[in-house]
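Beneath this line is the structure, given in structure tokens, with notes to follow.
Bear in mind that the values in this text are calculations on the coordinates, not laboratory data. Source: prediction; values computed, not measured.
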Amino acid sequence: MTRKAYPSEVSDEEWGLVAPYLVLLPEAAGQRRHALREVFNGLRYVVKTG
């Protein structure tokens, strides 16, 4: 699914720095319903806006 990016989303460069610390299971693991990057973007938005 492709959607328009929000200004608060992490850039590819930022994601490259953060992802290794967050990825414990492969992206294709059956336990994930949502992409890890999308979850991280949502959390970042909540922290930024309160």
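Taking Cα atoms only, the orientation of helix 12-22 departs from the longest principal axis of the chain by about 50 degrees.
This structure gives Rg/Rh (Cα atoms, Kirkwood Rh), computed directly, and of (1) 0.96; (2) 0.93; (3) 0.90 that value is listed as (1).
In the chain, helices alone account for a calculated mean residue ellipticity at 222 nm of -15500 deg cm²/dmol, with every DSSP H run of four or more residues adding -39,500 (n - 2.57).
Helix 36-49 and the longest principal axis of the C-alpha atoms of the chain enclose an angle of approximately 30°.
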